[in-house]
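Encoded as structure tokens, the structure appears first; notes follow it.
The values are calculated or read from the model by the stated rules, or taken from the named source; none is laboratory data. A quick note: this is a predicted structure, and the numbers were derived from the prediction, not measured. Every residue, glycine among them, receives a Cβ derived from its backbone with ideal geometry; neighbour counts consider all protein chains shown. All accessible areas refer to the heavy atoms of the entire protein, side chains included, with ligands and DNA or RNA removed. Shrake-Rupley method; radii C 1.70, N 1.55, O 1.52, S 1.80 Å.
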Amino acid sequence: MSPHTSLLEDSVKNRIVSSLALAAAVTLGATGCSLISEQTTLYEYAPSDGVSVNAGEVQLRNMLLITSEEEGSYNLVFTAQNNAEQAKPVDITIVQDGKRLTTNIEVEPGMTRFGNPDEQEPVVVVSGLTAPAGAGVDVYAQSGDATEEKHFLPVLDGTLPEYRSFVLTAADLAPADEDAEQTEKSS
């Protein structure tokens with residue numbers, strides 16, 4: 001065997017080893033972030049514009065406020081799931097600038113949607129806030145002995161087509177004002 005053959009074999013081996021090292025470095029660089037970063041897909045989140053709030057046996061899903069045509073009045077839109085066998089009372093408290101507005105609702109067993117007057121759904125009107133569309137307020141929900149948790153409730157308007165039917169008119173607000181059971185406290 002000639003000395004040139006040995007050098008040629010060493011050169012080929014070095015190229016193979018270098019190629020494998022480069023491939024390993026590229027693979028680690030492309031996928032290595034998942035080794036040191038936490039996986040955010042493991043966290044629960046609301047897959048829509050609203051928030052999810054649990055109040056004991058009643059879960060409130062995709063909860064958000066929609067501004068109405070009347071300044072200071074809002075439509076509280078959400079879907080409630082009551083897993084109990086009887087109706088459950090839920091106190092929903094919205095806090096803005098030290099003002100606490102509490103609305104009491106009764107949620108029947110099963111699923112109930114709130115907020116769409118076009119679909120004859122029950123409407124929960126919140127009056128007395130000054131939050132513009134794009135802002136948010138704090139919300140708490142309480143049912144039974146469940147512990148209240150603070151959540152950030154977004155305020156939207158009818159700009160997006162999917163929310164236009166939730167914007168309350170003066171005619172929508174008139175019957176809702178008669179049924180409202182809202183209390184206001186300053187903190």
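Restricting segment 63-98 to GluC sites (Glu not before Pro) that sit in a DSSP loop and have at most 14 other Cβ atoms within 10 Å of their own Cβ leaves 69, 71, 85. Rolling a 1.4 Å probe over the protein heavy atoms of segment 50-153, with every protein chain left in place, gives an accessible area that is 41 percent carbon and sulfur. Using a probe of 1.4 angstrom and keeping all protein chains present, the accessible surface of segment 54-177 works out to 48 square angstrom per residue. Looking only at segment 110-135, which residues have a backbone nitrogen under 17 Å from a spot 7 Å from the Cα of residue 164 in the C-beta direction? From segment 110-135, the list is 116-119.
Which FRET efficiency value, to the nearest 0.05, do you get for residue 62 and residue 145 by plugging their Cβ-Cβ distance into 1/(1 + (r/R0)^6) with R0 = 41 Å? Given R0 = 41 Å and the Cβ-Cβ separation, E is 0.95. One decimal place: the segment residue 71-residue 97 gains 7.7 nm when fully extended, by the rule 0.36 nm per residue minus the C-alpha distance. Scattering from segment 96-150 was approximated by placing one identical point on each alpha carbon and applying the Debye formula without solvent; log10 I(q)/I(0) at 0.16 1/Å stands at -0.69.
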